[in-house]
Every structure is written in C-alpha cells, then in structure tokens.
1. Among the trypsin sites (Lys or Arg not before Pro) within region 1-59, which fall in a DSSP loop and have no more than 10 other Cβ atoms within 10 Å of their own Cβ?
2. For the chain, what is the mean residue ellipticity at 222 nm derived from helices alone (per DSSP H run of n ≥ 4: -39500 (n - 2.57); sum divided by total residues; nearest 500 deg cm²/dmol)?
3. Would you mind checking which residues have amide H under 5 Å from T107's amide H? H placed 1.01 Å from N; only 5 or more apart, or other chain.
4. Probe of 1.4 angstrom, ligands and nucleic acids ignored: what's the accessible area per residue over region 3-220, in square angstrom?
5. To the nearest µm²/s, what D does Stokes-Einstein give for the chain at 4 °C and 1.567 mPa s, using the Kirkwood radius over alpha carbon pairs as Rh?
6. Taking all protein chains as present, what is the carbon and sulfur share of the accessible area of region 3-220, in % to the nearest whole number, probe 1.4 Å?
7. Around L156, under 11 Å between beta carbons, what's the net of Lys plus Arg minus Asp minus Glu among the other residues?
8. How far, in nm, would the chain grow between N29 and E4 when pulled straight, counting 0.36 nm per residue and subtracting the alpha carbon separation?
Amino acid sequence: MATEIRWLGHNAWAIMAGKHRLLLDPFLNDNPLSPKKADQVEADFILVSHGHGDHIGDTVEIAARTGATVIGIFEVCQWLSAHGVKNVHAMNLGGSYPFPFGRLTMTLALHSSSMPDGSYAGNPCGFLLAREEGTVYFACDTALFSDMKLIGAVGLDLAAVPIGDNYTMGPADALEAVRLLKPRRVVPIHNGTWPIIAQDADRWARQVLEETGVEALVLQPGGMIVL
Ligand code: NI
Ligand code: MN
C-alpha cells in the first residue's frame, strides 16, 4: 500500500497511509504557504507535535468536522478534550503504538510548548512513523540534539527537518542533523513561512548532497513524496 506524504507548508502535512488519512500539525487557515484551508481537508487521524499556534493550528475545527482522532502528548490531549475534541489518543515521549496506519513513536524535541491560551502543554515532540513501505521521521520544532543519532539508527527512508532558524535549528545545525540521522532522503521544513524564518532551501539541499550524499528534496507547498 502506498504512502503519500504531502507538504502543506511550515510543518503541516497531509499523509495518505494506505486508506488512512492523516494530518500532522494542520496549521492551514493562517499559514501563508498552505494551499488548503481547514474546511478543504479530510482526516481520520490528526497528529499534533506541540501546543504552539503554528502547529495546533486548526486541529479543533477539523476534528469537530471530521471526527478524527487526535494524537498528541498527554497535556495537549487533555486541553483538546476540554475544548470539545471527542476522540483523542494521548502518548508520551519514547512511547509507540500500533495504529491502523502504522507504528507511531513519539520522539524527543528540544523546544518549548504551551497552548494558544497559555495553558500548560507538556513537552513538545517529534514523530517516527513506521510502515511497510518505509520509516519517516518528522523532527517538528526542535534544536539539534545528539540523540538524533539514536533515532536514525532504526534506518530512515525520509526525514523532515526544520531549517528556518530563530525558532528552531537553522541550516548549519540541520546539516549536522542529517549527518546524525543518515536518512535516505531529507526534506527541509519550517522555513519561508514568514521573513524571520526565510532560508535558501535550494542552497541547503545542494550543500546536504555535497557534504553528506543524502538526497535533499525541496518541496513546494502542496508537493508530494511517495514512499
Ligand atoms: Ni513551536
Ligand atoms: Mn513552530
């Protein structure tokens, strides 16, 4: 069964995992890069990496319309439940679970997290999605950390890493992340959304290939990778 991974700008993703429709960090309506609005997407599951507005995005609205199950860290799920989301699946760092769309592991992320109203949101996270066709690591919002080497040790077919700098690691640290993760392919994210995180993604991709041999794919918003 195919796995189609579509980038909607920033760290928003729409994933077709066989017949299962997943969204990750559906920040759509206020995302200047997103080709889709919140009322134009479907979902069976919504993965949320942390509580910041540019990640939780339109989760509440989309979950209410679609009935999707939202997967996030315990405190994010608690907040979502209190805000009317009916189906949540809480996890925590280092935990994995065999969902119908594949085995999902909640990984470390070095960042901060709070909900848009200032509520406590627990720790931020990344996600590792393992399917028959391959394994994908979504670093989400994070600084560089040496344990990326452990995440990469499982063998990654694809990694999505932030390069925007300022709020997350920038291009130089993201290059180091590629060295630690050793994925087969890598996609730069969390850049170009606003001027403060504008980077030359094409230049970064060339540098990654030259210095690590890893194929770096620069997606346009709406662009897709097939595992
Ligand atoms: Ni953030
Ligand atoms: Mn962010």
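1. Answer in residue order: K19.
2. Values: 6 runs with 49 residues, N = 227.
After summing the helix terms and dividing by residue count, I get -6000 deg cm²/dmol.
3. Amide H neighbours of T107: G94, G126, F127, L128.
4. 41
5. It diffuses with D of about 76 µm²/s by this estimate.
6. Roughly 50 percent of what the probe reaches on region 3-220 is carbon or sulfur.
7. That works out to +2.
8. Taking 0.36 nm per residue and subtracting the Cα distance, the gain is 6.8 nm.
The values are calculated or read from the model by the stated rules, or taken from the named source; none is laboratory data. If you're wondering where the values come from, they're calculated on a predicted model, not measured in any experiment. Note that each Cβ is placed from the backbone with ideal geometry, even for glycine, and that neighbours are counted across all protein chains shown. Keep in mind that these areas ignore ligands, DNA and RNA; they rest on the heavy atoms of the full protein, side chains included. Shrake-Rupley method; radii C 1.70, N 1.55, O 1.52, S 1.80 Å.
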